[in-house]
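A short reminder: the numbers here are calculations on the coordinates, not readings from a lab. These figures come from a predicted structure and were not determined experimentally. Here the Cβ positions follow ideal geometry from the backbone for every residue, glycine too, while neighbour counts run over all protein chains shown.
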Amino acid sequence: MFSSLIQDQSKYSCFRGEVKHVCVDLIKTDQKKGIFNNDIKSEQIKMIHKSTIDKRTFKSVTLSNSLLCLLISDPETEKSAAALNVDVGSLEDPVDRMGLAHFCEHMLFMGTDKYPKENEYQQYISKNAGSTNAFTSELNTNFFFSVGNQALEGALDRFAQFFISPLFSDSCTEREMKAVDSEYNMNLQNDFWRKFQLFHNASLPGSQYNKFMIGNLKTLQFEDTRARLQEFHKRYYSSNVMKLVIYGSQPIETLEGWAQTYFEGIQNKNLAPPSYNVMPFDQTNMGQLIKYVPIKNQDHLELIYIIDYLYPHYRSCPGKYLSHLIGHEGENSLLSLLIKEDLAQELSAGPSNTMKLFSEMTIRIKLTQKGLQQYQKVIQYVQEYIELLKQKGPQEWIFKEISAIKKLEFDFLEKGDPFNYVCTLASRMQQYPIEDVLRQPYLMEQYQPELIQKITNQLTGDRLMMFLSSQTFSNQLGNKEEYFGTEYSQSKFLEDVTSVFKNAANNISPKLNLPPQNIYIPEHTNVLPLQNGLPLFPELVLQNEQTDLWFKQDDRFQVPKTVIQLRINTIETGYGKLAKTEAIAKIWLALLKNHVREFNYLAEMAKIDATLQLAANGLEFSISGFSDSISRFVIGMFQKIISFKPQDYQDLYESTFVKITQELENIKRSQPYQQVHSLMTVVLREGSSFETQELLDQLTNITFDDVIHFSNNFLKRCRFEWLIMGNLVKEEAIQIVQKSLDLFKAKTLRYEQVLQIRPVMLNETEICNYTYDLTEPTETNSGIVVHYQIGKPDLRTQLYNEILQTIMKTPFFSQLRTTEQLGYAVFSLLSDVRGIAGFTFLIQSNVKCPNYVQQRIRTFIKENLNKQITEMTEQDFEQFKSSVKVQLLEKDYSLIKESVRMWNEVQKHQRLFDRRVQQLNILDGIKLSEVQEYFKTHLIEKTKQFEIHAISPTHKKDQEEIKSDSLVYNSSDKFKKRHGLYPDYFYQ
Ligand SMILES: [Zn+2]
């Protein structure tokens with residue numbers, strides 16, 4: 001259940017009105033080495049390798065200004081998108097202006113000569129059902145958006161101006177610098193960034209790698225920063241180092257015409273892409289141990305080996321081969337041994353490239369307390385495993401196994417969201433030849449054993465940067481990192497570590513070996529022949545006292561895949577009602593996951609994704625993968641679960657207990673806006689308090705016997721709800737269900753016996769405020785939620801909510817973030833607490849206390865938004881409606897996506913599988929006056945309001961000084977007792 005690849009996070013994901021984490025493959029090309037001719041003309045289009053099931057048309061063209069574009073025509077899409085990647089990133093920051101590349105990325109959103117209004121672009125996009133975002137990494141800056149099809153041309157025009165004539169106006173520069181500073185403040189408590197900075201600082205002084213990427217007021221606030229921004233843009237933003245992707249429903253020729261019309265105006269400065277000559281790591285600074293104190297209470301060992309630059313070998317993938325083995329979690333694996341010896345709990349491994357000179361092979365291990373004390377032993381096992389790989393030599397069958405599954409993955413690759421797709425492709429185009437950009441992550445075709453051996457041989461102590469982090473090091477390490485304030489120490493390896501590397505080769509544990517063959521790689525990928533008259537939506541094909549099975553044979557995606565969703569409702573243990581049982585269940589689940597780990601990992605490698613989680617009143621499974629092996633897997637998985645006895649893992653109980661305690665404690669150290677948001681759904685529903693502290697208190701009373709008792713009873717009496725969709729016939733689905741029920745042998749839990757969880761009903765008479773202090777002394781941000789409860793929506797009022805959310809999203813962001821600069825994380829959301837809708841306004845602020853922010857949010861609603869909605873023209877209203885229409889028309893682009901939507905209907909027991917069709921029929925008739933009236937009622941006159949304030953120590957005093965008219969609760973139990981409850985609409 002953990003990926004073997006470390007997701008590359010070394011980039012900023014800027015919030016532009018919504019939470020979005022960008023994930024892009026960052027392996028870089030080196031065009032200077034001349035391996036690939038980058039000057040590709042459109043006649044080469046036939047060479048773009050695409051998946052066999054992909055019906056879209058792809059074409060690459062090079063514009064007259066040498067800008068390479070990839071055009072994608074998809075007549076089926078409702079959303080269009082575009083991305084532009086520039087071959088410049090934070091490594092080009094001038095040393096006296098750290099963060100400039102990132103700041104420049106922000107500033108391009110702030111108006112251009114042609115469209116000088118600072119919100120013009122964003123407003124246009126969100127009025128037309130779209131989203132925008134951007135990120136800056138060490139090497140690249142990437143801008144991207146999505147938009148309704150009819151608005152693509154207008155969006156491209158506005159977007160292209162970023163690269164032609166940005167304004168960098170004085171007032172915006174001044175204000176947006178604060179947004180960058182807020183972003184920096186937000187990341188101050190983030191351990192990823194803290195370690196990331198230590199790694200960059202450890203590079204040779206004066207090397208280009210030695211950078212601080214985010215920037216803050218200290219590094220950016222100077223008289224001439226605006227001039228420096230202009231200079232930076234002028235110097236690096238040249239069309240010949242940019243890559244553009246345009247995705248639309250229009251014919252390729254139309255897209256090509258727009259690329260020319262709007263993007264040929266970008267100046268070609270014939271720039272050579274940034275290149276690097278000096279290695280930032282050599283014998284003087286490798287072989288070092290850096291200890292540091294993390295914010296979160298968890299102990300990690302991270303080994304970063306500096307190896308040869310892997311990009312040129314992207315077809316033979318020695319990095320993927322090695323990380324597959326080192327990160328393996330099956331039988332004989334490094335992780336299995338570490339867990340058995342109670343030294344570690346998690347391990348991941350993966351290659352990455354953050355400079356075009358070298359690659360990094362990172363192994364990240366979550367340690368137990370014993371593992372921390374004996375970290376030399378952990379390093380020893382890592383090195384023993386590496387020695388084993390050296391001695392056994394590369395194995396062609398393993399290479400073939402990985403390559404076979406990658407090929408299957410690509411052959412049946414379903415479409416993704418255009419928004420993320422264009423962003424990823426534009427990044428990949430900077431790195432890989434155009435013919436391989438679609439398939440690069442799945443490409444593994446040249447087995448080169450000597451190359452694998454060479455890279456394996458480089459995994460040695462003298463190429464290693466090692467990070468060891470634990471809060472137990474607090475006040476012992478002596479140094480303070482300049483930008484993040486991280487306490488750390490740094491030294492060459494001492495004898496205790498160097499001797500490990502000397503001895504590992506002669507001392508390989510017999511418990512370590514290569515993994516077994518993977519029995520889950522599908523042999524058949526047959527797709528059922530298309531039949532006439534298949535039902536459009538899931539149907540109830542099996543129902544008895546204990547079970548509902550909803551089923552739909554796929555006739556749309558035509559891929560050899562199946563999705564199984566299952567919820568097991570239980571009642572016996574009181575789970576869902578009592579905080580103590582919830583705490584026990586957490587430990588039980590962690591032990592169970594360990595029990596199924598080796599079994600599950602093989603399936604995961606064969607692209608069967610299985611998640612198992614605790615739900616509000618039971619357990620939830622989501623399993624998807626190739627149809628050929630999925631039923632075998634499901635039955636095997638249930639057999640494993642039935643055979644699970646916590647007693648077999650008593651020796652891991654202590655460290656599992658610590659792990660759960662740490663995870664709960666770490667919730668208090670997560671971003672304040674995330675805390676208040678997830679707390680909202682806990683506080684606004686019935687039941688004993690499940691707040692973090694309550695669970696922590698309960699944990700201290702738990703014994704191992706409680707876990708055994710829970711395990712014996714948890715699945716004794718159950719009700720099963722299934723949804724099975726995909727490439728299988730009804731009989732096969734029924735068989736899966738019946739076999740599983742035979743295995744579980746549970747007593748019947750009838751529909752009406754399922755535990756009800758009812759949402760809290762707010763009232764109009766008081767504004768309730770749930771307030772707590774953030775305990776982390778260095779936290780400079782406060783988090784605030786202002787929530788307006790609406791009630792249970794019907795199809796029509798749900799549309800009112802969607803329209804209002806579309807209207808308010810951009811002005812909320814523009815006013816409170818861009819203009820008032822209250823913080824970096826600023827969003828408005830439409831929320832659903834067990835069927836009860838509401839509007840949620842969320843801000844994380846490092847500059848103002850919650851009482852101040854709360855007033856600004858309310859003023860925004862009462863004044864700005866009220867004015868906008870009262871004075872709205874019919875024409876504007878129709879545009880917002882058509883934006884909602886685009887969302888409703890948007891097709892599910894993959895089987896899994898469709899199944900999630902259908903599952904939502906099954907779970908809520910509404911089963912309006914054609915909800916969107918019904919809503920489309922209603923939408924046209926909705927009048928502006930109705931929505932105005934609705935807004936007035938629920939957000940101005942008869943409001944039911946609720947707030948959560950998480951107060952930073954820095955805002956404590958201000959918070960007390962600013963008066964608030966809300967009723968403050970410090971205990972959620974008290975709050976719940978004072979309020980009525982809605983019925984549980986999930987179980988009506
Ligand atoms: Zn940013």
Tell me, what ³J(HN,Hα) does each residue in region 555-560 have, in order and in whole Hz, if you take phi through Karplus 6.51 cos²θ - 1.76 cosθ + 1.60 with θ = phi - 60° and put x for Gly and Pro?
10, 10, 8, 6, 10, x
Would you grab the residues whose amide H sits under 5 Å from the one on Ala615? Only those 5+ places off in sequence or on another chain, please, with H modelled 1.01 Å from N.
Glu620
Report the calculated FRET efficiency for Lys974 and Thr775 (r = Cβ-Cβ distance, R0 = 30 Å), to the nearest 0.05.
0.90
Can you order the peptides 233-243, 396-406 by their average number of other Cβ atoms within 10 Å per residue, highest first?
233-243, 396-406
Extended-chain gain in nm, criterion 0.36 nm per residue less alpha-carbon gap, Thr472 and Gln735:
89.4 nm
Fully extended, how many nm does the chain gain between Asn713 and Gln932 (0.36 nm per residue separation, minus their Cα-Cα distance)?
73.6 nm
Gln517: net charge of surrounding residues, Cβ under 12 Å, Lys/Arg +1, Asp/Glu -1, itself excluded?
-1
Modelling each spin label as a point 7 Å along the Cα-to-Cβ direction, I'd like the Val527/Ser64 distance in nm, to one decimal.
4.3
Neighbour cut-off at most 15 other Cβ (10 Å), DSSP loop, trypsin sites (Lys or Arg not before Pro), region 701-752
Lys716, Lys745, Arg750
Mean residue ellipticity at 222 nm from the helices of the chain, using -39,500 (n - 2.57) per DSSP H segment of n ≥ 4 over the full residue count, to the nearest 500 deg cm²/dmol?
-11500 deg cm²/dmol
Could you tell me the ratio Rg/Rh of region 451-498? Both radii from Cα atoms, Rh via Kirkwood.
1.12
Within the set of other residues whose C-beta is less than 12 Å from the C-beta of Glu174, count the net charge using Lys and Arg as +1 and Asp and Glu as -1.
-1
About its Cα centre, the chain carries a charge dipole, from +1 on Lys and Arg Cβ atoms and -1 on Asp and Glu Cβ atoms, whose size in debye to the nearest 20 is 560
Compute the orientation-averaged projected area for region 148-193 from the convex hull of its Cα atoms and round it to one decimal in nm².
5.4
Under the rule rounded for a/c under 1.5, else prolate if a/b exceeds b/c, else oblate, using alpha carbon gyration tensor axes a ≥ b ≥ c, region 760-987 is classed as prolate
Please arrange His524, His49, His938 by how many other C-beta atoms lie within 10 Å of their C-beta, fewest to most.
His524, His49, His938
Among region 536-574, those whose backbone N falls under 20 Å of a label point 7 Å along Cα→Cβ from Asp914 are 536-541, 550-557
Please give the Cα centre distance for region 59-101 versus region 474-492, rounded to the nearest Å.
38
In this structure, among Lys577/Lys809; Lys356/Lys407; Lys291/Lys645; Lys867/Lys974; Lys127/Lys243; Lys296/Lys577, pairs with alpha-carbon gaps over 32 Å are Lys577/Lys809; Lys291/Lys645; Lys867/Lys974
Two pseudo-spin positions, 7 Å from Cα along C-beta at Asp609 and at Leu514, lie apart in nanometres by 3.0
Is the shape of region 529-569 rounded, prolate or oblate, going by the alpha carbon gyration tensor and its root eigenvalues a ≥ b ≥ c, with a/c under 1.5 for rounded and a/b larger than b/c for prolate?
oblate
Report the net charge of residues surrounding Gly330, where surrounding means a beta-carbon distance below 10 angstrom and charges are Lys +1, Arg +1, Asp -1, Glu -1.
-3
Theoretical FRET efficiency, 1/(1+(r/R0)^6), r = Cβ-Cβ of Lys400 and Glu766, R0 45 Å, to 0.05
0.10
Could you give each residue of region 757-769 its phi-based ³J(HN,Hα) in whole Hz, using Karplus coefficients 6.51, -1.76, 1.60 with θ = phi - 60°, and x for Gly or Pro?
10, 9, x, 6, 9, 7, 10, 7, 7, 9, 9, 8, 10
Inter-label distance, nm, simple model (7 Å from Cα along the C-beta direction), Asp96/Ile922
6.2
For region 48-263, what mean projected area does the convex hull of the alpha carbons give, in nm²?
13.4
Residue (of Leu591, Thr136, Gln735) at the positive-pole extreme of the chain, dipole from beta-carbon charges:
Gln735
Rounded to the nearest angstrom and ordered from largest down, what semi-axes does the equivalent ellipsoid of the chain get from its C-alpha gyration tensor (root of 5λ)?
39, 38, 32
I need two numbers for region 442-533: Rg to one decimal and Dmax as a whole number, Cα atoms only, in Å.
23.9, 73
Cβ-derived FRET efficiency at R0 25 Å, Asp892 paired with Asp411, nearest 0.05:
0.75
Report the per residue volume, in Å³, of the convex hull enclosing the C-alpha atoms of region 539-753.
144
Once fully extended, how much extra length lies between Ser499 and Lys862, figured as 0.36 nm per residue of separation less the alpha-carbon to alpha-carbon distance?
123.8 nm
Ranked from highest to lowest mean number of other Cβ atoms within 10 Å per residue, what is the order of the peptides 584-590, 929-935?
584-590, 929-935
Scalar couplings 3J(HN,Hα) for region 883-892 by Karplus 6.51 cos²θ - 1.76 cosθ + 1.60 (θ = phi - 60°), nearest whole Hz, x for Gly and Pro, are 5, 5, 4, 4, 4, 6, 7, 4, 7, 5
